[in-house]
Amino acid sequence: MSVAINHPDIVEPNGTIGILGGGQLGRMLGVAAAELGLKCHIYCPDERAPAYDIAAKTTIASYTDQDALAAFAADVDVITYEFENVPAESVAYLTGLGAKVRPGAKALETSQDRLVEKQFVNTIGAKTAAFHPVDDLSSLKDGLAKVGRPAILKTRRFGYDGKGQTRIKTTETDLSAAFEKAIAFAWEEVGAAPSILEGFVPFEREISIIGARSKDGQIRLYDPAENVHRDGILKTSSVPATITDQTAENARAIATKMLQELDYVGVMGVEFFVLKDGDLIVNEYAPRVHNSGHWTQDACAISQFEQHIRAVAGWPLGDPRRHSNAVMENLIGDEAHNWRALASEPDTGVHLYGKREARPGRKMGHVTRITKP
Ligand code: AMP
């Protein structure tokens, strides 16, 4: 299909935001777009994606279907994504047609590969866990000698919510059969796929920062949130985080640098480990709205979702100031069945994603409790 796409620099009210990905993040982005008088077109391969309920238009097609991508690009005024595993080639194809894709290819590609991502973080002067690329058992052994034990082996690509990773705790010596068995098991666990080995970070807490950058380089940062994971999945995000002003300032400075260096347009989530002395280690970043920023819907005038839509539509960014303390709690699996009791709680925003089946480990919704207005 040959189409000439000419996306505007600024998407005005009644314009259409194209979103690649149809999960809960796409759904909440679409709701935020509607609040600004914008429509959204959701593109997703899944036939029953939660975002379709709120979309003006939908395309159900593979991310590599060039005809469908071209028709989608022709129908919208700008393209964004809610899912960082959109193939980089598809974004390159869309850009080649003349489409505006925000955030751009560099931010997406860097985040898709944990090795490239960590190297990027180090080049801007921020710290990461010690790491070593792993392509086979021999490089895994080299990695263990370099990063020490315990260590975490993670696939370079397509990991999320603790998937595609395994811990190596063995204290056996390198020459023992038990050591050989333990590392062979770890290598199997990640599917013998290109991976990186990370040294275990003895963190005191985990925090994240949600930041936004406009096409003109304006930057707005939300307050850092403190995150608690359960079984590798985010359980709660609380604001304010129990960190010093200096640590918060350092986290802001790192997020700012990342947004600038990636020439970023949109909202980004940066996850950090905080050490006992307050030092920060960057774990990873997501080139999209982030689960640890859901509290902004109820504790800020402008949510991360609206902020992202503003940024990609070329609008002025909103004030990220937090007007309340809050705790966001994910409703995972059966927990969302409790909606009636949750909806009766005072000062609690209830957000359900409209997913039909509550499978274990599946994010079904979240609540945000205002703890101090
Ligand atoms: P990730 O998929 O990289 O976000 O990792 C999921 C969770 O595993 C993190 O939020 C941490 O709680 C834990 N984790 C990941 N990497 C490390 C590490 N190098 N050291 C200690 N804990 C880690």
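The values are calculated or read from the model by the stated rules, or taken from the named source; none is laboratory data. Because the structure is predicted, anything quoted here is derived from the model rather than measured. Ideal geometry is used to build each Cβ from the backbone, glycine not excepted, and the neighbour counts take in all protein chains shown. The area values use the complete protein model at the heavy-atom level, side chains included, leaving out ligands, DNA and RNA. Shrake-Rupley method; radii C 1.70, N 1.55, O 1.52, S 1.80 Å.
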What full-extension length gain, to one decimal in nm, is calculated for ALA253 and SER324 as 0.36 nm per residue of separation minus the Cα-Cα distance?
23.2 nm
What does the accessible area per residue of the stretch 204-243 come to in Å², with a 1.4 Å probe and no ligands, DNA or RNA counted?
38 Å²
Note down the relative contact order for the stretch 125-195 as a percent, whole number, built from C-alpha pairs under 8 angstrom at least six residues apart.
36 percent
Quick one: accessible area per residue over the stretch 270-373, 1.4 Å probe, rounded to a whole number of Å²?
41 Å²
Which three extents, in whole angstrom, do the alpha-carbon atoms of the chain cover along their principal axes, largest first?
66, 54, 41
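Kindly provide the helix-only [θ] at 222 nm of the chain, computed as the sum of -39,500 (n - 2.57) over DSSP H runs of four or more divided by all residues, to the nearest 500 deg cm²/dmol? Let's see the in-between values first.
On the way: 11 runs with 110 residues, N = 373.
So the calculated ellipticity at 222 nm is -8500 deg cm²/dmol.
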I'd like the GluC sites (Glu not before Pro) in the stretch 197-236 restricted to DSSP loop residues with at most 16 other Cβ atoms within 10 Å, sorted by number.
GLU204
Using a Gaussian network model of the chain whose springs link C-alpha atoms within less than 10 Å, name the residue from GLU89, GLU284, GLU172 with the highest mean-square fluctuation.
GLU172
Which aspartates and glutamates have a Cα lying under 14 Å from the Cα of LYS355, excluding residues fewer than 8 positions away in the same chain?
ASP46, GLU47, ASP53, ASP334, GLU335
Max mean-square fluctuation residue, GNM over the chain, Cα-Cα springs under 10 Å, options ALA177, ALA99, ALA358
ALA177
Within the stretch 267-341, trypsin sites (Lys or Arg not before Pro) in DSSP loop having at most 11 other beta-carbon neighbours inside 10 Å:
LYS276
How about LYS154: which lysines have a C-alpha closer than 24 Å to its C-alpha, ignoring those fewer than 8 places off in the same chain?
LYS106, LYS118, LYS127, LYS141, LYS146, LYS163, LYS169, LYS181, LYS235, LYS363
Please report the antiparallel percentage of DSSP beta bridges with both residues in the chain, rounded to the nearest 5.
80 percent
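Give the relative contact order (percent, whole number) for the chain; include only Cα pairs under 8 Å separated by 6+ residues. Present the calculation step by step, with values, prior to reporting the outcome.
Working: 833 pairs, mean separation 54.5, N = 373.
Relative contact order comes out at 15 percent.
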In the stretch 96-173, what chymotrypsin sites (Phe, Trp or Tyr not before Pro) fall in a loop by DSSP, with at most 14 other Cβ atoms inside 10 Å?
PHE158, TYR160
Rank GLU329, GLU345, GLU271 by mean-square fluctuation in a GNM of the chain with C-alpha springs under 10 angstrom and give only the top-ranked residue.
GLU345
